Amino acid sequence: MKILVANLGSTSFKYRLFELPDAAASTAGEKELARGGVERIGAAESRVYATAGETVLEAVQPVPDHGVALEAALSQLTGDGGPLTDVAEVAAVGFKAVHGGRAGGVTRVSPDVLAAMEEMAEVAPAHNPPYVKAMRTVAQRLPGVPLVAAFETGFHATIPTHNALYAVPTAWVEEHLVRRWGFHGASHRYVAGRLQELAPGVAGRAHRAVSCHLGGSSSVCWLRGGQSVGASMGMSPQSGLPQNNRAGDVDPFVLRHMAKATGRSFDDLLDELSSRSGLAGMSGTSGDMRDLESAADGGSTRAADAIAVYVAAIRHWLGGGLVELGGLDCIGFAGGIGENSPRVRAEVCRGLEDLGIVLDSAANNAPGGERPLHAPESRVAIWVVPTNEEIVVARQTRDLLAAT
């Protein structure tokens, strides 16, 4: 079964094309056939590109919307050098959707699902509106292709009440869905599965792990038996750890204070918190960890402070997970920062030897992909796990089609 997994931005479209076994019994037959995308959607000229094995495909053409982007991608994949002979070979398009609210989980895209996503547009403003618009356009242009939404919040449906609820009136929860939803579900699901395979823990006891998805957008997830029992992101993807340019958790009364002090509107202040804050706002230069580390090494105290605040937030959630789970079997680092920043990993694990967390400095500083980082005496396994969100969405899409 061939599944195309779409990752959408407001003016971009990226995808991976997978061939999966029809049944979910094994991952042995899984194969990535191609990956590619479309840049500058809506501009006079858009770049349409793909890589299929050793074949590199590229074209420039007008792409006014995401529906045309998908058509252009499929045309490229079925053309000379492409891995498909006919568009009909694509069984479905799976979307790595963000916030489904009342919809949630993995579901066929329908008017009700789109309405549920629109209900959550105010708490996922960078994600839900472009996805809703694109899904409608694709559904109109390719009515014969099943569209499946795999929501990031779905993995966190197992979070128990005491970790999911805010201390707000019950009506807020029941009528307006105010709660900790958690995000990066596809990544945490993938890391959870790999950690259970790589560091199985103690027989007869549920596996205990902390997944650290660290990148331009970062979150920590507590895992028991491969299931989410707590997540740093709450009601929106703007919350939790400091992000590239988003503030993360902030006392809401800061907004009242700043509005009174500056005369600025609530929406203006909220926009600054969600687009010009975070690591970039703190450092005054960049939210990219590579730039921050270089600037800190060059003597920038603002960059050093940004890194320290980021690490402290990760350690806060790591410590909370250790207490919630009653100990740890392993820690997983994923995402651009988690996979590529020895400095951040070392700072997160610094001074935790009494808790059984001992990093091997040489292993931590060595390059490579998936690999262990713990010292021989460490009671807690520490792994770098390059995440694969797209294969998770492809499997979920395949499984939904098989079930229905």
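The values are calculated or read from the model by the stated rules, or taken from the named source; none is laboratory data. Keep in mind that this is a model prediction, so the values were computed, not measured. Virtual Cβ from ideal backbone geometry, glycine too; neighbours counted across all protein chains shown.
Listed by position, the helices (runs of 4 or more DSSP H) enclosed by segment 285-388 that each have at least 3 residues that are assigned by TED's automatic domain parsing to the domain that holds residue 222 and free of Cβ contacts under 8 Å to residues at least 12 places away in the same chain are 289-297, 301-325. Would segment 229-249 turn up any residue that is farther than 25 Å from residue 271 by Cβ and among the polar types (S, T, N, Q)? No - not one qualifying residue is present in segment 229-249. Would you call residue 40 modelled with pLDDT of 95 or more and either assigned by TED's automatic domain parsing to the domain that holds residue 128 or touching a strand residue (DSSP E or B) at 6+ places or on another chain (Cβ under 8 Å) (or both)? The answer is no for residue 40. Scanning segment 108-145 for residues that are within 21 Å of residue 403 (Cα to Cα) and buried (at least 20 other Cβ atoms within 10 Å of the Cβ) yields 109, 113.
If the requirement is being touching a Phe, Trp or Tyr at 6+ places or on another chain (Cβ under 7 Å) and of a type outside the set (Gly, Ala, Ser), which of these qualifies: 153, 158?
Checking each option against the conditions leaves just 153.
Considering every residue within segment 334-343, establish whether at least one is under 24 Å from residue 233 (Cβ atoms) and exposed (fewer than 15 other Cβ atoms within 10 Å of the Cβ). No - not one qualifying residue is present in segment 334-343.
Residues are listed down the side, and each one gets a yes or a no for (1) buried (at least 21 other Cβ atoms within 10 Å of the Cβ); (2) under 21 Å from residue 157 (Cα atoms); (3) among the charged types (D, E, K, R); (4) in contact with a Leu (Cβ under 8 Å, 6 or more places away or on another chain):
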position: 213; (1), (2), (3), (4): yes, yes, no, no
position: 216; (1), (2), (3), (4): no, no, no, no
position: 231; (1), (2), (3), (4): yes, yes, no, no
position: 235; (1), (2), (3), (4): no, yes, no, no
position: 246; (1), (2), (3), (4): yes, no, yes, yes
position: 251; (1), (2), (3), (4): no, no, yes, no
position: 254; (1), (2), (3), (4): no, no, no, no
position: 260; (1), (2), (3), (4): no, no, yes, no
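Picking from residues in segment 88-102 that are of a type in the set (Gly, Ala, Ser) and under 23 Å from residue 240 (Cα atoms), the one that is surrounded by the most Cβ atoms within 10 Å (Cβ to Cβ) is 97. Among the residues of segment 252-284, those that are hydroxyl-bearing (Ser, Thr, Tyr), in a helix (DSSP H, G or I) and at pLDDT 95 or above comprise 262, 283.
The residue list 368, 321, 335 contains one member that is within 23 Å of the chain's Cα centre (by Cα) and at pLDDT below 95, which is 368.
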